[in-house]
């Protein structure tokens, strides 16, 4: 599908890259924090719908960036191959013992041919696309973070202007806790990185997150509703509202 955002800047030697970090629900557990409200089949469906919405959103920016799908445990998967064919994205495998290592490896590999490189989670259906486009076009920052409302972040990226060890950025970060953003910002300060923060957005991790989205659904315009089309069409979601 053609991206809606046009190229407004002079292309640098390295083109930007946007990366969706995803798991294969057929080979690893997903959305376990929804276990109280949904069975495994429903959780897998919710996860897949959110991933599809994320890829749909990111491909709106394909005119100004290369879009990747980083796959866990690896890209050798019918699940990921089908998504790559549908959305026209490039597949890469995640490598590392934990999330921080996998993101650091991804950043170090892609920064060799792209600048900047931004990694996105797949739990945030309403990504601020205008602000993301502005951030990758200006590239005036060493580090870009998109803050989530639970203390984590839905996006992390490096401009590539400053040479650092990407693993240092995530050293000591307590993943899946409310201190993820603060831990990363402390590391960024220690590395003397100029940091830009994208507008906050809500991850969908728990039943209360779903309820919050549904409670505000009437206030969303048609464009925002369309950006989480797959999620809203998942069986059992709208019935909660």
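Just so it is clear, none of the values below were taken in a lab; they were calculated from the coordinates. Source: prediction; values computed, not measured. No Cβ is skipped: glycine too gets one built from the backbone with ideal geometry, and neighbour counts run over all protein chains shown.
Odds and ends about this structure:
- Percent of beta bridges antiparallel (DSSP, the chain, rounded to nearest 5): 30
- Debye intensity ratio I(q)/I(0), log10, segment 121-192, q values 0.14 Å⁻¹ (C-alpha model): -0.46
- By the count of neighbouring beta-carbon atoms within 10 Å, fewest first, 231, 72 end up ordered 72, 231.
- Relative protection proxy for 120-128, 107-115, 26-34, 147-155, from highest mean packing down: 120-128, 147-155, 107-115, 26-34 (other beta-carbon atoms within 10 angstrom).
- With each label modelled as a point 7 angstrom along the Cα→C-beta vector, the residue 140-residue 239 pair spans 5.0 nm.
- Net length gained if the chain between residue 219 and residue 163 were fully extended (0.36 nm per residue, minus Cα distance): 15.8 nm
- The share of C-alpha pairs in segment 42-148 whose separation exceeds 24 Å stands at 22 percent.
- The angle between the Cα long axis of helix 99-110 and the main principal axis of the chain comes to about 50°, on a 0 to 90 degree scale.
- Here the spin labels are modelled as points 7 Å beyond Cα on the Cα-Cβ line, and at residue 190 and residue 101 they lie 1.8 nm apart.
- Fraction of the pair-distance distribution of the chain above 27 Å, Cα-Cα pairs, percent: 31
- Here the relative contact order of the chain, from alpha carbon pairs under 8 Å that lie six or more residues apart, stands at 22 percent.
- Axis angle, to the nearest 10 degrees, between helix 129-138 and the longest C-alpha principal axis of the chain: 10 degrees.
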